[in-house]
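The values are calculated or read from the model by the stated rules, or taken from the named source; none is laboratory data. Treat the numbers as computed from the prediction; the structure is a model and nothing was measured. Counting neighbours? That spans all protein chains shown, and the Cβs are built from the backbone with ideal geometry, glycine included. The area values use the complete protein model at the heavy-atom level, side chains included, leaving out ligands, DNA and RNA. Shrake-Rupley method; radii C 1.70, N 1.55, O 1.52, S 1.80 Å.
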Amino acid sequence: MGKKGERGAKDKAAALEEEARNAARRAEHGEEEYQCTGILEQDFLELCTRAGFQEIPKVTLRPHPNSFAVQEEPDPLAEREGPYIIAQIQCKYAFFRPTIQVDLEHEDPKTTKEIFIRNWKIEDKMLGIFAKCLPALSHLQSIRLWKVGLTDVTFLSLLSIVPTCSTLKTLAVEGNPMRERVFHKLIAEETNLAHISLRNNEIDDEAALLIGQALSSLKGSNKNLASINLSYNHITDGLRLNRSLLSLSLAHNQIKDEGALKLAEVLGPFALTHMEVVERRRLLLEKEAQERCRLPQRHAELKNERPSSHMSSIALDKLQTAKTTKAITKKKEKEKEKEKELPKKDDKGQASAATAAPATPAAQSKKEDSKQAKKAAPPAEQKAARGKGAKSGTKDKRAQVIEVEVIEPTEMVNPLLEPAEHRDGQVFLPGNRVLIYLNLIRNQITEKGLQAFLVALEQQSVRLAPGGKGPMGLLRLSLAKNNYPVDSKTYARIQELMWTRDPVPRSGTAARVAEEEMGAA
């Protein structure tokens with residue numbers, strides 16, 4: 001550990017000792033530990049006061065461009081007055097005072113959604129305050145830090161705060177160069193961050209390699225990160241096995257053709273290395289073993305869902321039909337016996353003359369119809385019951401199948417398990433089609449690098465049909481201001497291809513270049 005690291009460790013130890021002394025003092029005076037309310041201004045002020053801060057940064061609303069209204073010209077006489085001059089000086093230097101600028105979601109102090117800090121050094125003691133008050137902000141989505149003097153030690157303290165903010169999706173740490181290469185720790189596989197910006201941090205090739213490995217490796221890749229801004233740094237690769245990143249900005253770097261070839265290679269079909277082929281085989285064998293283990297379990301589940309087999313259900317249906325037929329036959333015999341007994345009762349005079357009168361043909365036909373209906377009713381009902389039961393069972397099974405399909409894990413498949421093509425003794429993956437925006441303006445790419453990107457774009461076969469499923473491939477590629485000729489035919493061809501893919505059409509080349517430069521800033 002160098003002198004700087006030792007000094008940072010001593011500062012952290014001193015901060016911990018002071019915090020312990022403050023805690024002891026509060027316990028001596030019977031003060032309870034402060035419970036944050038979710039109102040940043042109130043919580044921050046109270047925690048800083050308890051920690052013994054002499055100067056406490058103010059929490060203010062972040063000014064927006066539309067808030068700077070055009071003011072009337074000042075009165076020349078008023079400018080000569082002392083109070084006016086003092087107010088102007090105070091206003092000028094207030095810009096440099098430490099503040100915490102916030103954006104609110106509903107103009108409610110409890111709905112802080114963004115925090116912006118710039119141009120003042122955040123010590124480890126201050127990070128201890130943030131560790132207490134930031135997790136209480138239930139609407140916090142973004143933290144942006146610009147030139148706040150983070151060191152290797154304080155950066156690790158910041159890193160420990162990020163997981164405690166459950167709603168945090170965007171983190172920008174910009175203008176904070178550090179000797180130790182620790183930025184890759186932000187891109188952990190378990191992080192919930194979706195957007196990271198690391199502009200202007202003087203990231204060198206070794207740090208860039210660690211970031212590339214954090215983005216994707218043989219064992220896995222970050223599945224939540226959608227965009228990363230690495231402008232004004234030095235990075236060449238990081239997309240090979242990553243299938244979650246949607247946007248990557250590498251503008252204003254020193255990427256040459258070698259780096260461009262690496263980036264272009266993974267956009268189209270690319271051959272796996274020997275180590276990647278070995279890992280792919282291992283994953284395939286592991287997947288096959290898991291499927292074999294699941295097969296008996298699935299058969300057991302299906303057996304529990306169906307109490308009897310298809311053949312046994314047919315036998316039950318036949319048995320039920322036989323029982324029904326037998327019951328109908330017995331009923332018919334009883335009705336015949338009753339009809340035979342009716343004349344005997346009439347002869348004995350038990351029936352009256354009115355009831356003994358012969359029935360009309362209409363009544364007889366009605367009676368016969370009712371008999372037929374009674375005879376046909378039981379089997380029909382039973383058949384309906386059987387049919388209904390079968391349909392409901394089928395519906396239940398279908399519903400179960402649908403539920404299983406929905407509940408099935410939707411984890412991102414390892415890119416090494418993607419369908420591969422075997423040719424010339426090599427294994428080719430289809431390439432990265434998840435990335436939709438790649439910004440490479442103001443680098444050192446020549447005609448050779450452009451040709452590699454052109455080949456990759458032509459191989460991607462981007463699907464732009466409405467309702468199309470699956471990843472689409474690059475929709476925007478920014479290559480302006482590189483080291484290729486102004487009249488480059490390759491660049492013109494790339495522009496033609498991207499013009500048809502870009503979901504936001506532009507009015508002209510100048511407008512596109514202006515927008516790219518603005519986006520890279």
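Tabulated results
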{"read-out": "Length added when fully stretched, N192-N119, from 0.36 nm per residue minus Cα-Cα", "value": "23.6 nm"}
{"read-out": "Segment V455-E32, extension gain: residue separation times 0.36 nm, minus the distance between their alpha carbons", "value": "145.6 nm"}
{"read-out": "Accessible surface of T170 - all protein chains present, 1.4 Å probe, nearest 10 Å²", "value": "30"}
{"read-out": "Rounded to the nearest 10 Å², the accessible area of M178 at probe 1.4 Å", "value": "30"}
{"read-out": "Using θ = phi - 60° and Karplus 6.51 cos²θ - 1.76 cosθ + 1.60, couplings along segment 137-144 (whole Hz; Gly, Pro as x)", "value": "7, 6, 10, 5, 10, 9, 10, 10"}
{"read-out": "Gained length - Q254 relative to S166, 0.36 nm times residue gap less alpha-carbon distance", "value": "28.1 nm"}
{"read-out": "Of all accessible heavy-atom area on segment 245-289, the percent that carbon and sulfur account for (1.4 Å)", "value": "59"}
{"read-out": "Packing rank of 104-117, 446-459, where each peptide gets the mean count of other beta carbons within 10 Å, highest leading", "value": "446-459, 104-117"}
{"read-out": "Computed magnitude of the charge dipole of segment 242-291 (debye, nearest 20; Cβ of K, R +1, Cβ of D, E -1)", "value": "60"}
{"read-out": "Paramagnetic label zone (point 7 Å from Cα along Cα-to-C-beta, A226; backbone N under 12 Å) in segment 177-196", "value": "193-196"}
{"read-out": "Burial ranking of peptide ranges 198-211, 417-430 (average Cβ count within 10 Å, highest at the top)", "value": "198-211, 417-430"}
{"read-out": "Peptides ranked, highest mean first, by Cβ atoms within 10 Å: ranges 140-151, 282-293", "value": "140-151, 282-293"}
{"read-out": "Translational diffusion of segment 156-226, µm² s⁻¹ [Kirkwood Rh, Cα pairs; Stokes-Einstein; 25 °C; 0.890 mPa s]", "value": "194"}
{"read-out": "Taking all pairs of distinct alpha-carbon atoms in segment 107-262, Kirkwood radius in angstrom", "value": "16.1"}
{"read-out": "Neighbourhood charge, 12 Å Cβ-Cβ cut-off, centred on L435 and excluding it, Lys, Arg +1 and Asp, Glu -1", "value": "+4"}
{"read-out": "Solvent-accessible surface (1.4 angstrom probe) belonging to Y484, in square angstrom, nearest 10", "value": "30"}
